[in-house]
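J.: The structure's right below; bear with me while I get my questions together.
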Amino acid sequence: MAKCPFCEVQEREELILFQDDKGIVAINPDGKIPGQLVVVPKDHLTIVEQTPDYILGHLAVLANKASTAVFEAFGVAGTNIMITNGIAAGQTEPHVGIHIIPRNENDGIALNWNPRQADEEQLSTIELQLKEYTKGVGDFQKEEKQEVIEEKHDDVDQDYLIKHLTRIP
């Protein structure tokens, strides 16, 4: 069985631009556009619904910073920040990823969407279908707090530390 391409990114240091304990910003190994990046969680999570809120929020912050880096590094006119969630939505990798796609006017990249307008009856039906399932939308999973253990350094003279702190301009 083939390994997940986005999990493999963690092993390819030449692609990694930034990483921390929760996520990675990397050059998309399958990117078709120069400067295309992907932001992925370190844990193997297939779709957004499997991703804890605090991880998804952290990935959004990383995507924002990565988009800014693309603007500055390439002088582009815009970026698309996309999540394709599920096969029907165009997801090709079995791993959650936020794609940062550099854009310029007339770049030939077609990401157009032509939605059709629902009529009043359809909107009413949609509202009824979704109301029950969206009651908890504002409830968020919180990262579990970890106990911080203070280390005591009995061998360090406290007066010495205070003297050196007063020397800091």
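Readers should treat all values here as calculations from the given coordinates under stated rules, not as data from a laboratory. Since the model is a prediction, treat every value here as computed from it, not as a measurement. Every residue, glycine among them, receives a Cβ derived from its backbone with ideal geometry; neighbour counts consider all protein chains shown.
J.: Give me the residue from the stretch 16-35 that is more than 16 Å from the chain's Cα centre (by Cα) and of a type outside the set (Lys, Arg) and, out of that set, surrounded by the fewest Cβ atoms within 10 Å (Cβ to Cβ).
T.: 34
J.: Go through the stretch 73-96 and give me each residue that's of a type in the set (A, V, I, L, M, F, W, C) and in contact with a helix residue (DSSP H, G or I) (Cβ under 7 Å, 6 or more places away or on another chain).
T.: Within the stretch 73-96, 76, 81, 83, 96 meet the criteria.
J.: Find all pairs meeting these conditions: Cβ atoms under 7 angstrom apart; at least six residues apart or on different chains; first residue within the stretch 101-115 and closer than 26 Å to residue 25 by Cβ; second residue of a type in the set (S, T, N, Q).
T.: 101/36; 101/79; 101/80; 102/36; 102/79; 103/79; 103/80; 111/80
J.: Let me confirm something: among 18, 6, which residue is in contact with a strand residue (DSSP E or B) (Cβ under 6 Å, 6 or more places away or on another chain) and not in a helix (DSSP H, G or I)?
T.: Only one candidate passes the filter, namely 18.
J.: Just to be sure, is residue 74 in contact with a strand residue (DSSP E or B) (Cβ under 8 Å, 6 or more places away or on another chain), closer than 24 Å to residue 106 by Cβ, in contact (Cβ under 8 Å) with a residue 12 or more places away in the chain and aromatic (Phe, Trp, Tyr)?
T.: It is true that residue 74 is in contact with a strand residue (DSSP E or B) (Cβ under 8 Å, 6 or more places away or on another chain), closer than 24 Å to residue 106 by Cβ, in contact (Cβ under 8 Å) with a residue 12 or more places away in the chain and aromatic (Phe, Trp, Tyr).
J.: For residue 46, are the conditions met, namely being free of Cβ contacts under 8 Å to residues at least 24 places away in the same chain and more than 13 Å from the chain's Cα centre (by Cα)? Break it down into steps so the answer makes sense when it comes.
T.: On the way: free of Cβ contacts under 8 Å to residues at least 24 places away in the same chain: no; more than 13 Å from the chain's Cα centre (by Cα): yes.
No: the conditions fail for residue 46.
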